[in-house]
Amino acid sequence: MSEAATRSTAQQVDLLTSLDPPLREWLPRQRWFAGKGRPVTGFTLDSVTELLPGAALLHLLVRVHQPPADEEGPGDRYQLLIGTAEAAAPHLAPAVIGHVTHGPLAGRTAYEALMDARLSTVLLERLRTPGALGALHFHRGPHGEVPRDLAPRPLAAEQSNSSVVYGDTLIAKLFRRVVPGVNPDLELPLALAREGCDRVPAPVAWFETRGTDHTEPATLGVLQPFLKDAADGWDLALKHLTNQQDFTSQAHALGRATAEVHTALAHALPTVTYTRAHIEQLAESMTRRLESTAHQVPALLPYVNGLRPTFEALARLGADGHTWQAQRIHGDLHLGQCLREPSGTWKLIDFEGEPSRPLPERRLPHPVHRDIAGMLRSFDYAAPQSDWAHASRSAYCDGYTEVAGTDPRTSPTLLRAYETDKAIYEALYEARHRPDWLQVPLSALRRLTR
């Protein structure tokens, strides 16, 4: 292990003390920080790895302590890439975390390293080279190469993670909130690549951290091909709407692509059968989410009594002996997770699942209806309760049925329950992040109560 990559416990404590004041101000302002609205009361440093000597580039795994959780508890763990310099270059002003006034970094300016092309290139070079460095372990897959000298540029639109595009050839995604376990955005694309499914870009390289107590490794980042000329599905749908163009052919093709991915995942990974216990548990969890969200989003309260029967009907089907096959799925499927290449081929991306849910929950098998419901909600988001949305939803299900051999609409109670649950999730998200959009899921929930 490189000397430059390791620090003693005392040095780590001094380093964290040095960074503590600027981090307390900077972290809560980041879009990917999950603890907004609660003060930061302290930090614990799990690991620090020098990717460049002299603290020029530091990789930190930091636990953030916030009330009302016990301050002696583990706290949320975040991945930080921090550059330090005597003075940050003018173009890095938006990336500045703060000026350090004491400790081993005194007199230096700390900044977000992914905004610095030179430091982002260092990360790419590490991903080119398998092996261990400090607490980090780098891996290369059999799919694709990692060329040298690719110019980096950060993407600004990320929320739960951060991404850097290299030369319009590769894209590195870093998971900011780190939890033990293999992230589905690595696990599922690797499984699909083994099946020969080309609907999902195959991981080229990735890195992880492993606990000193032999706990399960935690995925830190993934390097994948960047689909330079592909159109974002959400943007494409809005363009068709603006131009009053039909979207059914694209929706039909997207349904076929979704079915191909589901079929490959069912072959690659174990499946289970949802019997009475599974279905009743699913209905109960959906009901709890409805009631919990209504307490956090008062605008949802008028719909609670009208929505609860949807989940009760699902539980009754389980009690009557209905079963469904469950498998690994995308977990957060919508138009924004789909890219259409100039050839017309659809690709699915971002298999991380809903980041607000615990990782073990995101790795559970579900009936494919959950993904399908997510896409149906996405069409409704683009054009709420319109003929355009209705036609696109139908075309999507038609395309799915052609490949899968089963029509998801033949399980209307299950599909309706998942669509309702998704709209409830959307209501909470919009209330927290985009209040002006809250009426979109509320309008859907109003319709679903009828």
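The values are calculated or read from the model by the stated rules, or taken from the named source; none is laboratory data. This structure is a prediction, so every number in the text was calculated from the model and none was measured. Neighbour counts are summed over all protein chains in view; Cβ atoms, including those assigned to glycine, are modelled from backbone coordinates with ideal geometry. Surface areas here come from the heavy atoms of the whole protein model, side chains and all, with no ligands, DNA or RNA. Shrake-Rupley method; radii C 1.70, N 1.55, O 1.52, S 1.80 Å.
Points worth noting:
- Charge dipole of the chain about the Cα centre (unit charges at C-beta), most positive-ward option of 262, 414, 355: 414
- Shape of the chain, Cα gyration tensor, a/c cut at 1.5: prolate
- Residues with amide H under 5 Å from that of residue 183, placed H, sequence gap 5 or more: 219
- Kirkwood hydrodynamic radius of the stretch 127-270, Cα pairs, Å: 17.1 Å
- Under 5 Å between amide hydrogens, built in the peptide plane, is the criterion, and for residue 205 it picks out 141, 223 among residues at least 5 positions away or on other chains.
- The relative contact order of the stretch 345-416 comes to 26 percent, based on Cα pairs under 8 Å that sit 6 or more residues apart.
- Accessible area per residue for the stretch 143-190, computed on protein heavy atoms with a 1.4 Å probe, is 40 Å².
- D (Stokes-Einstein, µm²/s), Kirkwood Cα radius, the stretch 195-351, 1.002 mPa s at 20 °C: 111 µm²/s
- Between residue 38 and residue 354, the FRET efficiency estimated from the beta carbon spacing at R0 = 25 angstrom works out to 0.75.
- Net dipole in debye of the chain [+1 Lys, Arg Cβ; -1 Asp, Glu Cβ; about Cα centre; nearest 20]: 480 debye
- A straight line joining the Cα centroids of the stretch 335-350 and the stretch 94-153 runs 29 Å.
- Taking Cα atoms only, the orientation of helix 184-194 departs from the longest principal axis of the chain by about 70 degrees.
- The HN-Hα couplings worked out from phi for the stretch 347-355 by the Karplus form 6.51 cos²θ - 1.76 cosθ + 1.60 (θ = phi - 60°) are 10, 9, 9, 6, 8, 5, x, 6, x Hz, whole numbers, x standing for Gly and Pro.
- Helix 369-382 and the longest principal axis of the C-alpha atoms of the chain enclose an angle of approximately 90°.
- Carbon and sulfur %, accessible surface of the chain computed with the full protein complex present, 1.4 Å: 52 percent
- Cα shape, the stretch 22-141, gyration tensor, a/c 1.5 rule: oblate
- Residues whose amide H falls under 5 Å from that of residue 353, counting only those 5 or more places apart or on a different chain, are 332, with hydrogens built in the peptide plane.
- Farthest positive-ward along the stretch 86-181 dipole, Cα basis, beta-carbon charges - from 147, 92, 175: 175
- In order along the stretch 42-54, phi translates into HN-Hα couplings of x, 10, 10, 9, 6, 7, 9, 10, 7, 7, 9, x, x Hz, rounded to whole numbers, per the Karplus curve 6.51 cos²θ - 1.76 cosθ + 1.60 with θ = phi - 60° and x for Gly and Pro.
- Relative to the dominant Cα principal axis of the chain, helix 233-242 is inclined by about 60°.
- Using the Karplus relation 6.51 cos²θ - 1.76 cosθ + 1.60 with θ = phi - 60°, the per-residue 3J(HN,Hα) values for the stretch 413-419 come to 5, 5, 4, 5, 5, 5, 5 Hz, with x marking Gly and Pro.
- Three-way shape label, the stretch 315-450, alpha-carbon gyration tensor, a/c 1.5: rounded
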